[in-house]
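The values are calculated or read from the model by the stated rules, or taken from the named source; none is laboratory data. Predicted model, so just to flag it, every value in this text is computed and none were measured. So basically every Cβ, Gly included, is an ideal-geometry build from the backbone, and we count neighbours across all protein chains shown. Ligands, DNA and RNA are stripped out before the accessible areas are found, and what is left, the full protein with its side chains, is counted by its heavy atoms. Shrake-Rupley method; radii C 1.70, N 1.55, O 1.52, S 1.80 Å.
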Amino acid sequence: MKPITLVGGYGHVGSKIARRLRDAGLPVRIAGRDVLRAKALADQLGTDAARLDLDDATSWDAALKESGPLVVCLDTATTQFASAVLTRGLGYVDISATDAVLQRHESLDPLARSNGALAVLSVGLAPGLTNLMALEALRGLDRVESLTIGVLLGLGDSHGAAAIDWTLDSLRPLPPDAVQRLDFASGPVPTIPFDFADQHVLTRAGIPAVTTRLGLGSPLVTGASLRLLSALAPRPMVRKFLRWSLPRFRVGSDRTGLVIIAEGWRDGARVTRRLTLDGRAEAEITALVAARVARDIATRTETGVHHIQTLWQLADLAPDLAAEGITLSA
């Protein structure tokens, strides 16, 4: 079997995916711009390493030679690399939570089909499990009125620098009524609107009135502190302080949760459905989903560019989640 290549595989989430694949007995190749970091992790795992710089197309051929599916663990600025992968007929798994990245990759569907390749987008916690839970919550409804997705991230968890930067980039000053409490499995938490890609992906799939909200699990987080954080985070000095302090001072637990609230109609009656997920360590859950998709992709017969919910169902991943103490409930 050809190795699964992880682009950015020495990063916070990429290294966790690599370990899971290695532990499953699959060949893995760690690839990235910094070949020394790639080799260091590869030596720890007993796997291969390769230099692959997304800004240097001359590095791609060697890294893609004799490669199996690829898992891309960082945001890409263009579709050039994905196009090179799909033109070779290779599988492509993207864990980006940025909708602009996913939209660009959606445009590659004809290229993937013409080369017999499969790309899977929205792979992780959010988007990813949120997409699968959303469709499960909507199953059997005659008409959908609204779909609310809540994502709880623990401030006591370990988050990579890229994830922290992405979160800070997405914070904006809030209107007075923006903070709402959502009931997660662990209890009620104040939440704010947040630009996870799942809401946009599901809207393009024809689901109306989809919103995603973010809550932060910490005793320091209240509605007022969320408003203050959203207002101050865009300021350069505040951002610099948060980027430095968040990995060092973890106030709270590493609990991660999801709640999906679907409202609609069935057989003439108004229906509200609620699904929750409760676990720990967001990056580990994202790695679990990505590793499962990377394992499966070589055996899929579909071609084209798909979001996770068109090829997998929540039931497909439920045993993997349960095995690691992650609970799903309705």
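Taking the convex hull of the Cα atoms, report for region 1-105 its projected area averaged over all directions, in nm².
On the way: hull surface 24.2 nm².
Computing the convex hull of the Cα atoms and averaging its projections yields 6.1 nm².
Computed from the mean reciprocal separation of all distinct C-alpha pairs, what Kirkwood hydrodynamic radius does the chain have, in Å?
Numbers: mean 1/r = 0.0490 Å⁻¹.
Every distinct Cα pair counted, the radius reaches 20.4 Å.
Suppose every K and R has +1 on its Cβ and every D and E has -1 on its Cβ; what is the size of the dipole of the chain about the Cα centre, in Debye to the nearest 20?
Working: 36 positive and 35 negative charges, 108 e Å.
Result for the chain is approximately 520 debye, rounded to the nearest 20.
The loop-placed GluC sites (Glu not before Pro) in region 274-322, going by DSSP, that have at most 15 neighbouring Cβ atoms within 10 Å of their Cβ come out as 302.
Over region 99-221, calculate the relative contact order: mean separation of alpha carbon pairs under 8 Å at least 6 apart, over the residue count, as a percent.
On the way: 129 pairs, mean separation 41.2, N = 123.
In percent, rounded to a whole number, it is 33.
Heavy-atom accessible surface of region 1-92, averaged per residue, reaches 44 Å², computed with a 1.4 Å probe.
Only helices enter this figure: runs of n ≥ 4 DSSP H residues, each worth -39500 (n - 2.57), summed and divided by the residues of the chain, yield -10500 deg cm²/dmol at 222 nm to the nearest 500. Taking 300, 227, 273 in turn, the Gaussian network model of the chain (Cα-Cα springs below 10 Å) assigns the largest fluctuation to 300.
What percent does the relative contact order of the chain come to when contacts are Cα pairs within less than 8 Å and at least six residues apart? It rounds to 22 percent for the chain.
With distances taken between every two different alpha-carbon atoms, region 111-239 has a Kirkwood hydrodynamic radius of 16.4 Å.
When the Gaussian network model of the chain links Cα atoms closer than 10 Å, the mean-square fluctuations of 63, 231, 294 top out at 231.
Roughly to the nearest percent, how much of the accessible area of the chain is carbon and sulfur, given a 1.4 Å probe? In the chain, the share of accessible area belonging to carbon and sulfur is 53 percent. The H on the amide N of residue 52, modeled in the peptide plane, is under 5 Å from the matching H of 32, 33, each at least 5 residues off or on a different chain.
The alpha carbons of region 50-199 give a radius of gyration and a Dmax of 18.3, 55 Å, in that order. Relative to one another, the C-alpha centroids of region 1-41 and region 270-330 are positioned 21 Å apart.
For the chain, a Gaussian network of Cα nodes joined below 10 Å ranks 210, 28, 120 by mean-square fluctuation, and the top entry is 210.
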